[in-house]
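No lab work stands behind these numbers, since they all come straight from the coordinates. Everything numeric here is computed off the predicted structure, so don't read it as measured data. As a convention, Cβ positions derive from the backbone with ideal geometry for all residues, glycine included, and neighbour counts pool all protein chains shown.
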Amino acid sequence: MRTNGSASSGLLSRLSRWPLVRQIADLGMGMEAMSDHTRRWQPRILEADGKVVSVCPFCAVGCSQLIYVKNGRIIDIEGNPESPINGGTLCPKGAATFELLSNPNRWTTVRYRAPYSDHWEDRPLDWAMERIARLVKEARDRDWRERNERGENVRSVTTIASLGGASLDNEENYLIKKLFGGGLGMVWIENQARV
Ligand code: SF4
């Protein structure tokens, strides 16, 4: 009996050293799953010469971020593990804030497609601001309603809308709500951030 027991424990010991068994036992996430190439990788934050604590600009949760800087440029943004709000995590929007500055595919010019045109054109920002302001003023002057058909006070305009994107931050959304809703009387104000 003793001989059989020692033979099986030797077999088990040999089996447990087999890489396939070790990978299955560790769910393939241990050191044995790494190649030499992977082992040489280092987090890019180790190259940073500074770190700044900040707050994600995107929503009212207010997650804390660590912004890593090298030679005056941001090299990474991560969740702050010391924050009681997010405990080192960031949602996909917060994790993508690094791309606000670094993504070479983001648009940096005003793009305009004229009515009935089949192509987009670059236009100066001043031109776009002037055109938007003029069209908003014309629509508000034309369609402003003091009262509805029952004589109730509505003081609003329903032919202008604001459709905001996920990259509008808290302060921008606050100003949009104040200016468009309270100031211009617009009813249709929508954005992704839900503040
Ligand atoms: S957008 Fe995401 S990361 Fe930013 S504050 Fe809100 S929950 Fe946090």
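What the table below lists for this structure:
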{"quantity": "Relative contact order for region 144-195, counting Cα pairs under 8 Å that sit 6 or more residues apart, in percent", "calculated": "40"}
{"quantity": "Sequence-distant lysines (8 or more away, or on other chains) whose Cα lies within less than 28 Å of Lys177", "calculated": "Lys93, Lys137"}
{"quantity": "Rh by Kirkwood over Cα pairs, then Stokes-Einstein D for region 144-195 at 1.002 mPa s and 20 °C, µm²/s", "calculated": "182"}
{"quantity": "Between 0 and 90°, nearest 10: helix 125-143 axis offset from the chain longest Cα axis", "calculated": "60"}
{"quantity": "Percent of Cα pairs exceeding the 30 Å cut-off, where the set is the chain", "calculated": "54"}
{"quantity": "Distance from region 154-195 to region 50-125 (C-alpha centre basis), Å", "calculated": "21"}
{"quantity": "Degrees, to the nearest 10: 2-17 long Cα axis against longest axis of the chain", "calculated": "40"}
{"quantity": "Helix-derived mean residue ellipticity, 222 nm - over the chain, DSSP H n ≥ 4, -39500 (n - 2.57), to 500", "calculated": "-9000 deg cm²/dmol"}
{"quantity": "Ranked Met186, Met34, criterion: other C-beta atoms within 10 Å, fewest first", "calculated": "Met34, Met186"}
{"quantity": "Listed residues Leu135, Leu168, Leu20, most fluctuating in the chain (Gaussian network, C-alpha, under 10 Å)", "calculated": "Leu20"}
{"quantity": "Contact order relative to length of the chain, as percent, for alpha carbon pairs under 8 angstrom and 6 or more apart", "calculated": "12"}
{"quantity": "Label-zone membership for region 168-190, site Asp143, 7 angstrom Cα→C-beta point, backbone N under 11 Å", "calculated": "186-188"}
